[in-house]
1. What does the convex hull of the Cα atoms come to per residue for the chain, in Å³?
2. Peptides 135-141, 281-287: what's the order by average Cβ count within 10 Å, highest mean first?
3. For helix 78-88, report the angle its Cα long axis makes with the longest principal axis of the Cα atoms of the chain; keep it between 0 and 90° and round to the nearest 10°.
4. When a footprinting reagent is the concern and you count Cβ atoms within 10 Å, what order do LEU304, LEU396 take, fewest first?
5. Antiparallel DSSP bridges in the chain: what percent, to the nearest 5?
6. Counting other beta carbons within 10 Å of each Cβ, put VAL270, VAL205 in order, fewest first.
7. Among SER211, SER385, SER295, which comes first, second and so on when ranked by fewest other beta-carbon atoms within 10 Å?
8. Working from Cα positions, state the angle (0 to 90°, nearest 10) between the long axis of helix 126-138 and the longest principal axis of the chain.
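Just so you know, all these numbers are worked out from the coordinates, no wet-lab data involved. Note that this is a predicted model, so its numbers are computed, not measured. For neighbour counting, all protein chains shown are included, and Cβ atoms are generated from backbone atoms with ideal geometry for every residue, glycine included.
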Amino acid sequence: MTTVRETDDTAASLRAAMVSELREMGVLQSEAVATAVATVPRHLFATGERLEAAYAANKALVIKRDEQGHAMSSLSATHIQVVMLEQAEVEPGMRVLEVGSGGYNAALLAELVGKTGTVVTADIDGEIVKRARACLDAAGYGRVQVVLADADGGVPEHAPFDRIIVTAGAWDIPPAWREQTSERGRLVVPLRMRGITRSFAFDQVGQDLVSASYRLCGFVPMQGSGAYTERLLPVADGVALQVDDQRQAFDTEALAVAVHAPRLEVWSGVSFDLPDELELFLVTSTPQMVMLHGSKALVDQGVLAPSVLRGVPALVAGGSFAYRTKRPNEETGGFESGVFAHGPEAEFVAAQYAELLRRWATDHRRRGAARIRYVPMPEGSAVPSAQIVAKRLGALEVSWS
Ligand SMILES: C[S@@+](CC[C@H](N)C(=O)[O-])C[C@H]1O[C@@H](n2cnc3c(N)ncnc32)[C@H](O)[C@@H]1O
């Protein structure tokens with residue numbers, strides 16, 4: 001039988017290895033966050049899991065599922081927690097609100113704010129609140145306050161906050177998060193838009209929020225009054241479009257025919273890139289860009305490229321669509337990005353898409369060049385331009401220098 005001492009020793013060495021791994025990945029950047037990760041016993045927040053799973057840098061652990069088996073609450077992967085803590089730049093003495101409670105991230109925050117700071121973590125689910133409280137107490141973080149609340153309204157009784165860190169996939173930015181952030185405060189939030197999620201680090205600029213930071217992430221969706229379900233539009237057997245706008249019209253019959261029509265292949269001449277920045281660029285370039293999902297069966301039959309399996313931005317015009325794919329580049333040893341297009345206007349949509357890929361490669365690639373501005377707007381306002389992503393309570397503008 002393993003003794004408590006042996007478990008603690010193994011946990012300590014796995015924790016040290018995780019810190020080294022996160023440094024090597026380049027996500028751990030500040031000594032403060034590294035020290036917090038090296039200190040907090042993550043396994044005490046991952047009860048029932050093997051130590052190796054608790055200390056796997058890239059592994060999220062599901063805590064609760066709904067009746068259909070979808071994750072409702074999880075202990076997020078340390079990797080993404082570190083990314084967001086680095087975005088937040090938490091300092092000793094700060095007041096921090098965490099939206100969504102697994103306990104572990106709140107403990108990391110408690111290390112970062114120190115004894116003079118305050119951490120409040122709020123969850124909409126009573127069971128999760130109880131669990132987070134128990135784990136925090138067991139790990140020695142009794143000073144973290146755990147609150148049961150729909151945090152779409154923030155936690156006004158503990159406001160203002162120097163930092164609000166949202167750890168569920170938000171559809172929009174409710175006014176409470178802006179109002180409860182102090183003047184020089186920062187809101188770190190994974191925002192869902194047009195089928196992708198990026199974590200932004202917003203600072204207030206007048207009434208607007210502005211972020212120069214955007215990091216790839218995935219989170220369970222927000223529940224409660226801020227919940228939003230994207231539309232999943234079936235097109236053909238094994239093919240669906242994921243669309244933000246509930247009213248956007250699509251010619252699904254024509255698209256269904258296009259799926260099985262011969263495809264056009266256009267190669268861009270530029271190298272393939274990871275989705276981090278490129279997909280933010282693509283999905284915010286035009287509202288015609290929606291997320292295409294396809295089944296493994298259609299990929300195995302050669303009808304669609306493997307990029308559809310995880311969802312890929314697709315440009316849809318009438319009964320035609322185009323999406324990105326890749327092929328090996330013998331000269332560079334890497335991959336070339338290209339476009340597969342189907343339908344009567346395949347040439348047109350493929351050319352448009354390939355042009356976006358080229359523009360990305362020549363002007364913006366891996367330069368951290370995007371600036372994201374969230375502009376609060378009265379509900380139902382018309383958005384002024386096609387590049388602006390409409391939200392319920394505002395609009396998101398992404399510009400590239
Ligand atoms: C990914 S988990 C949180 C992970 C956690 N921060 C950690 O330390 O790993 C997301 C949590 O957000 C909670 N949540 C969803 N909608 C919420 C809302 N409107 N208000 C507060 N919590 C919410 C869920 O119940 C879930 O527990």
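1. Values: hull volume 65.6 nm³, N = 401.
Output value, Cα hull per residue: 164 Å³.
2. Working: 135-141: 18.9, 281-287: 21.0.
Most protected by this proxy first, the peptides run 281-287, 135-141.
3. 90 degrees
4. Working: LEU304 26, LEU396 23.
The order, fewest Cβ neighbours first, is LEU396, LEU304.
5. Values: 61 of 80 bridges.
Close to 75 percent.
6. On the way: VAL270 18, VAL205 9.
Ordered by Cβ neighbours within 10 Å, fewest first: VAL205, VAL270.
7. Working: SER211 24, SER385 7, SER295 17.
Least crowded to most crowded, the residues run SER385, SER295, SER211.
8. Roughly 50 degrees between the two axes.
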